[in-house]
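K.L.:
There's a structure below that I have some questions on.
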Amino acid sequence: MTSDFRGTLGPRLSQAAEADLRVLANELTMVVLRNDAPDARFSRLANTKLSNKGFYSISFRHLQIDDVADKVWRTAAPLKCKIFCWLARKKRLPTNERRFQHHLAPSAACMSCNHDEDTDHLLLLCPWALEVWTFFYSDYATRGVSRMSDLWTSMCRSFEEATITTAILWNVWKRRNARTFNGVDEDLAFVSRRCIEDIRLWAHRCTTPSSSSALNNWCNGSDPPEVNMPPSPLLSPPPPPSTVMIPCTLGFIYKVVQAGASPP
Ligand SMILES: [Zn+2]
């Protein structure tokens, strides 16, 4: 083998490369193949194309796969919602408890009920979250879901259920953020309607018609009451028709200039 190797490459190599090749050839003569050693090339031996996925499978095959991963990542939800659920699974959401631990908040208390706001409380146990879950599942209280791990086990037994659960979690999170950061109290009708709209939209992402129609059927049976959105004390009233909005360089700051006035 080594002589063939040298015979094929030798004429085209520089002196330095020739020397390297000689060293390599000598090293190879000492290599003893062991048939009992694990073969990392199984994807090639199985006649499948070598891919990044295959490489990662081989590299991390010694790690145990999270049994919830499949439920989190195999839904019709957009990627940002899946990442949100994965962060919730790993207890990495910026809850008040976590922000307090990192000296980013003055207290770990929930803005709605003063209980310490960890992931389970925020998404499942807070009265504001509980209200949403109970709206969609009248028997929710009897299911005994008090931890996120219970949620994935008992309420995500199929692709459709996992999609619905993701939508509810996502909208509970948005409701909490609206209250915490914007001072807006989104009422139940508003949140549940937005949740259903999300699921109807996500149903278009299903790869099978049966999943899509199952999600739409679920939405049809969960139509919420009319929205009654209370005005927010922090929301600005719409500008009068004689004004135009000009975005400033700071991005979040807008300056209202009377129409017809010259810009600064
Ligand atoms: Zn709370």
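The values are calculated or read from the model by the stated rules, or taken from the named source; none is laboratory data. All values derive from a computational prediction rather than experimental measurement. Using ideal geometry, Cβ is built from the backbone for each residue, glycine included, and neighbour counts are taken over all protein chains shown.
The rows are residues; the columns are (1) part of a loop (DSSP other than H, G, I, E, B); (2) modelled with pLDDT of 80 or more; (3) more than 30 Å from SER211 (Cβ to Cβ).
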{"position": "ASP39", "(1), (2), (3)": "yes, no, yes"}
{"position": "THR48", "(1), (2), (3)": "yes, no, no"}
{"position": "GLY54", "(1), (2), (3)": "no, no, no"}
{"position": "ASP66", "(1), (2), (3)": "yes, yes, no"}
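K.L.:
Scan the helices (runs of 4 or more DSSP H) fully inside the range 111-164 and keep the ones with 2 or more residues being under 18 Å from CYS195 (Cα atoms) and in the same structural domain as LEU93 (by TED's automatic domain parsing).
P.N.:
Numbers: elements: 127-136, 140-143, 148-155.
Fully inside the range 111-164 and qualifying: 127-136, 148-155.
K.L.:
Please name all residue pairs, on different chains or six or more residues apart, with Cβ atoms under 6 Å, provided the first residue is in the range 123-137 and is within 15 Å of ASN96 (Cα to Cα) and the second residue is within 13 Å of the ligand (Cβ to nearest atom) and in a helix (DSSP H, G or I).
P.N.:
LEU123/ALA129; LEU123/VAL172
K.L.:
Now a separate question. Output the residues belonging to the range 197-220 that are surrounded by 18 or more Cβ atoms within 10 Å (Cβ to Cβ) and among the acidic types (Asp, Glu).
P.N.:
ASP198, the sole residue that qualifies.
K.L.:
From the set of residues in the range 122-148 that are closer than 21 Å to LYS174 by Cα and of a type in the set (Ser, Thr, Tyr), which is farthest from the ligand (Cβ to nearest atom)? It would help to see each step written out before you state the result.
P.N.:
Step one: list which residues in the range 122-148 are closer than 21 Å to LYS174 by Cα, which gives 122-137, 140, 145-148.
From what is left, the residues that are of a type in the set (Ser, Thr, Tyr) are 134, 137, 140, 146.
Working: THR134: 15, TYR137: 19, TYR140: 16, SER146: 14 Å.
Among those that are closer than 21 Å to LYS174 by Cα and of a type in the set (Ser, Thr, Tyr), it is TYR137.
K.L.:
Consider ARG92 against the criteria (1) within 16 Å of ASN177 (Cα to Cα); (2) more than 13 Å from the ligand (Cβ to nearest atom); (3) in contact (Cβ under 8 Å) with a residue 40 or more places away in the chain: it satisfies all of them except one. Which criterion is unmet?
P.N.:
If we test ARG92 against (1) within 16 Å of ASN177 (Cα to Cα); (2) more than 13 Å from the ligand (Cβ to nearest atom); (3) in contact (Cβ under 8 Å) with a residue 40 or more places away in the chain, just (3) comes out false.
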